[in-house]
Amino acid sequence: MTTKSVGWWFPCERMKLKSLLLRYYPPGIMLEYEESGQLKTKSIDLLDLHTSTDVNALVEEIQKAEPLITASRADQVKLLIQRLQNKLGQYSNHKFYLFKVLRAHILPLTNVALNKSGSCFITGSYDRTCKLWDTASGEELRTLEGHRNVVYAIAFNNPYGDKIATGSFDKTCKLWSVETGTCYHTFRGHTAEIVCLSFNPQSTLVATGSMDTTAKLWDIQSGEEVFTLTGHSAEIISLSFNTSGNRIITGSFDHTVTVWDADTGRKVYTLTGHCAEISSALFNWDCSLILTGSMDKTCMLWDATNGKCVATLTGHDDEILDSCFDYTGKLIATASADGTARVFSAATRKCITRLEGHEGEISKISFNPQGNRLLTGSSDKTARIWDAQTGQCFQVLEGHTDEIFSCAFNYKGDIIITGSKDNTCRIWR
């Protein structure tokens, strides 16, 4: 259990708790409090919470560590923790059924992305457009037109979900309103195709990665370029912010990963050790670890404070095409061109289980929010749901007629979207 505060605080009479809010994934309680007339927030992170956790003992522990949680608040905190426990047990035996097949675009799809609630999702395409869809009805809500080439990288500014960014082979990124479809800004400056992008968690910046070997940060309000991140010697194909938004990580075909300071645009350190192209690079939730996947058949785990390698995860017989942490950062999953996936413990760095059953390479892997299921998408035209602890295949999602390149759970874990080279998206619920 850890407490993160925003701004300095001192346990004294001037601090007054205003409200308690829940964060389901990863489990935590957000405290809104007043100090010297200012409203501040901090979080109690419950990353070790399980359905079997002794709630009374946990509340006692929280009270000892957190002065704002007084005896009069103990019962309320107990109820909140029980609600978090109920969420962790949800949907673990949920069977998914095909709800809708969407023939989304005339030309091939490039990417699919959900908003946080899962109420809508977007598709990018070679037809130069991005389309916004209603998940509940499968209806197309609007088409975002204006790019002059393939729309390749797409994202919502989650958790807010009121803006969409699209990155294109036309070397520009566009920012759109979800509500009206209006284009707020066109970000120009890259000299080659944009292939990855990400919003910072505060939704004040969008970062773009390009074949021109640079990444750029753009101000969402003004539409201006803030920084250019230079240093890679080949295209940047992976880019993401850490949870607090003060670091950016870029993975490149030059075999390296670089961590940058988002406030200054300066390089913090470069992670060298892989001997082939990088396929994925990301922080865990509490920003203590970095996971990198490579075409050299390995994943590497790095200490995020100093950039030192702490483990090399081996065992795959072919390129690593995707890798991820679960929401708490305790588990790591790897997907490979060898047709298998593996689950590792982040603490012991040992392989917990192997996921075997696909008949082609696995290009996408992700945990459900509860962390007990894994979703994989493969060139064998199926997506599969697995038990994250035992490696048992729980369900095969069949129906696509070509390889699946995109698959994702929504924030609750009760909807799955798959995107395929057969030019359809499928909604499973």
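The values are calculated or read from the model by the stated rules, or taken from the named source; none is laboratory data. These numbers come from a predicted model, not from an experiment. Reconstructed Cβ throughout: ideal geometry from the backbone, glycine too, with neighbour counts over all protein chains shown. Accessible surface is based on the protein model in full, side chains and every heavy atom, while ligands, DNA and RNA are left aside. Shrake-Rupley method; radii C 1.70, N 1.55, O 1.52, S 1.80 Å.
Let me check I've understood the local charge: for Val112, count other residues with C-beta under 11 angstrom from its C-beta, Lys and Arg +1, Asp and Glu -1. What total comes out? Can you show the working numbers first?
Values: positive: Lys131, Lys364, Arg426; negative: none.
It works out to a net charge of +3.
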Under the rule of -39500 (n - 2.57) per DSSP H run of 4 or more residues, summed and divided by the residues of the chain, what mean residue ellipticity at 222 nm is obtained, to the nearest 500 deg cm²/dmol? -2000 deg cm²/dmol
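I'd like the chymotrypsin sites (Phe, Trp or Tyr not before Pro) in the range 68-106 restricted to DSSP loop residues with at most 11 other Cβ atoms within 10 Å, sorted by number.
Hits after loop and neighbour filter: Tyr97.
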Along the three principal axes, how long is the chain when you take its alpha carbons, biggest first, rounded to the nearest angstrom? 61, 49, 47
When the accessible area of the chain is computed with all protein chains present and a 1.4 Å probe, what percentage of it is carbon and sulfur? 47
Roughly how many nanometres apart are two label points built 7 Å out from the Cα toward the Cβ at Ala136 and Asp219? 3.8
Within the under-9-Å Cβ sphere about Lys40, not counting Lys40, Lys/Arg +1 and Asp/Glu -1 give a net charge of -2
Expressed in nm to one decimal, what extension gain is obtained for the pair Val396 and Ala71 from 0.36 nm per residue of sequence separation less their Cα-Cα distance? 112.1 nm
Straight-line reach from Lys64: which lysines fall under 24 Å, measuring Cα to Cα and dropping same-chain residues less than 8 apart? Lys4, Lys16, Lys18, Lys40, Lys42, Lys78
With a probe of 1.4 Å, find how much accessible area the range 209-324 has per residue, and write the answer as a whole number in Å². 37
Quick one: length gained pulling Glu356 to Glu32 fully straight, 0.36 nm per residue minus the C-alpha distance? 112.1 nm
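Which loop trypsin sites (Lys or Arg not before Pro) in the range 137-243, with loop taken from DSSP, have no more than 15 other Cβ atoms within 10 angstrom of their Cβ?
Answer in residue order: Arg148, Arg188.
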At what distance in nm do the modelled label points of Asn306 and Gln90 sit from each other, each positioned 7 Å from its Cα along Cα→Cβ? 4.1
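For the range 311-357, what does the alpha-carbon gyration tensor say about shape, rounded, prolate or oblate, given a ≥ b ≥ c as the root eigenvalues, a/c under 1.5 as rounded, and a/b over b/c as prolate?
It comes out prolate by the Cα gyration axes.
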Only four residue types carry charge here, +1 at the Cβ of Lys and Arg and -1 at the Cβ of Asp and Glu. Report the dipole size of the chain about the Cα centre in Debye, rounded to the nearest 20. 840
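Once Rh for the range 58-140 is found with the Kirkwood sum over Cα pairs, what is the Stokes-Einstein diffusion coefficient at 25 °C and 0.890 mPa s, in µm²/s?
146
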Counting only residues 5 or more places away or on other chains, whose amide H sits under 5 Å from the amide H of Phe96 once H atoms are built in the peptide plane? none
Nearest 10, in degrees from 0 to 90: the angle of helix 55-65 to the longest Cα principal axis of the chain is 80
If you project the alpha carbons of the range 101-205 onto their three principal axes, what span does each projection cover, largest first, in Å? 39, 34, 20
Diffusion coefficient in µm²/s returned for the range 311-422 by Stokes-Einstein, Kirkwood Rh over C-alpha pairs, 10 °C and 1.306 mPa s, is 116
Kindly rank 252-264, 327-339 from highest to lowest mean number of other beta carbons found within 10 Å of each residue. 327-339, 252-264
Under 13 Å from the Cβ of Leu141, count the other residues' Cβ atoms, weight Lys and Arg +1, Asp and Glu -1, and hand me the total. -2
All lysines inside 25 Å of Lys174 as judged from Cα atoms, apart from same-chain residues fewer than 8 positions distant: Lys116, Lys131, Lys163, Lys216, Lys421
C-alpha long axis of helix 74-89 to longest principal axis of the chain, angle in °: 30
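Averaged per residue, what accessible area in Å² does the range 96-137 show with a 1.4 Å probe, protein chains only?
Accessible area per residue: 43 Å².
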Of all alpha-carbon pairs in the range 290-333, indicate the percentage at a distance above 14 angstrom. 48
Using C-alpha positions alone, give me the convex hull volume of the range 236-366 per residue in cubic angstrom. 90
What's the longest bit of the chain with no exposed GluC sites (Glu not before Pro), using DSSP loop states and at most 16 other Cβ atoms within 10 Å as the test? 225-355
